[in-house]
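See below for the structure under consideration.
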Amino acid sequence: MAVGRTGTIIGTNDATAWTLHTSGTTADLNSIHALSDSVALAVGASGIILSGAGGTWPFTWSVITNPDPQLNTLNCVTFAPGGTMGLAVGDGGIILKSGASQWVRQSI
């Protein structure tokens, strides 16, 4: 999987044929992390957090609420092995930690 400008998400089932998928946003996307073959998260401009799910490509994407009131751009998202804890970081020193089905802003 890969992400880019204006909500671009591309993915593949076989690592040879890549397909463009509808993300439902026009925000630039900066990072994507696959938790499994059927779940992924993407982050980007204006604090967008997308959750993708499905058995195979294309995933169905939906927006997750961002707790950051400034909606700083998010630049990277990653998860610990097993997908039980994730972090998203971005502009202005924002750090978000996943907890159950929501994200919580972390203090430095």
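Quick one: what pairs do we get from region 15-34, first residue closer than 21 Å to residue 79 by Cα and touching a residue at least 12 places away in the same chain (Cβ under 8 Å), second among the charged types (D, E, K, R) and surrounded by 16 or more Cβ atoms within 10 Å (Cβ to Cβ), C-beta under 7 Å, 6+ apart or different chains?
No pair meets every condition.
Let me confirm something: among 30, 66, 72, 13, which residue is exposed (fewer than 13 other Cβ atoms within 10 Å of the Cβ) and not charged (D, E, K, R)? Quick ask: steps written out before the conclusion?
Values: 30 fails: exposed (fewer than 13 other Cβ atoms within 10 Å of the Cβ); 66 fails: exposed (fewer than 13 other Cβ atoms within 10 Å of the Cβ); 72 fails: exposed (fewer than 13 other Cβ atoms within 10 Å of the Cβ).
Exactly one of 30, 66, 72, 13 is exposed (fewer than 13 other Cβ atoms within 10 Å of the Cβ) and not charged (D, E, K, R), namely 13.
Let me confirm something: among 39, 104, 89, 43, which residue is of a type in the set (Val, Ile, Thr) and in contact with a Pro (Cβ under 7 Å, 6 or more places away or on another chain)?
That would be 104, the only listed residue that is of a type in the set (Val, Ile, Thr) and in contact with a Pro (Cβ under 7 Å, 6 or more places away or on another chain).
If I ask for residues that are under 19 Å from residue 91 (Cβ atoms), out of contact with any Cys (no Cβ under 9 Å at 6 or more places or on another chain) and crowded, with 18+ Cβ neighbours inside 10 Å, which ones from region 33-60 would you list? Break it down into steps so the answer makes sense when it comes.
Here is the first cut: in region 33-60, the ones under 19 Å from residue 91 (Cβ atoms) are 33, 41-50.
Checking which are out of contact with any Cys (no Cβ under 9 Å at 6 or more places or on another chain) leaves us with 41-42, 44-50.
Within region 33-60, 41, 42, 44, 45, 47, 48, 49, 50 meet the criteria.
Against the conditions (1) at positive phi; (2) modelled with pLDDT of 85 or more; (3) in a loop (DSSP other than H, G, I, E, B), where does residue 92 fall short? Just the number, please.
(3)
Could you list, in sequence order, the residues of region 42-86 that are within 27 Å of residue 15 (Cβ to Cβ) and touching a Phe, Trp or Tyr at 6+ places or on another chain (Cβ under 8 Å)?
42, 49, 50, 51, 52, 53, 86
Can you list residue pairs whose Cβ atoms sit under 8 Å apart, with the first residue in region 65-84 being over 20 Å from residue 28 (Cβ atoms) and the second being part of a loop (DSSP other than H, G, I, E, B) and at pLDDT below 95? Count only pairs 6 or more apart in sequence or on different chains.
79/35; 79/85; 83/35; 83/36
The values are calculated or read from the model by the stated rules, or taken from the named source; none is laboratory data. What you see is a predicted model; the values in this text were computed from it and never measured. Here Cβ is always computed from backbone atoms with ideal geometry, including for glycine, and neighbour counts include all displayed protein chains.
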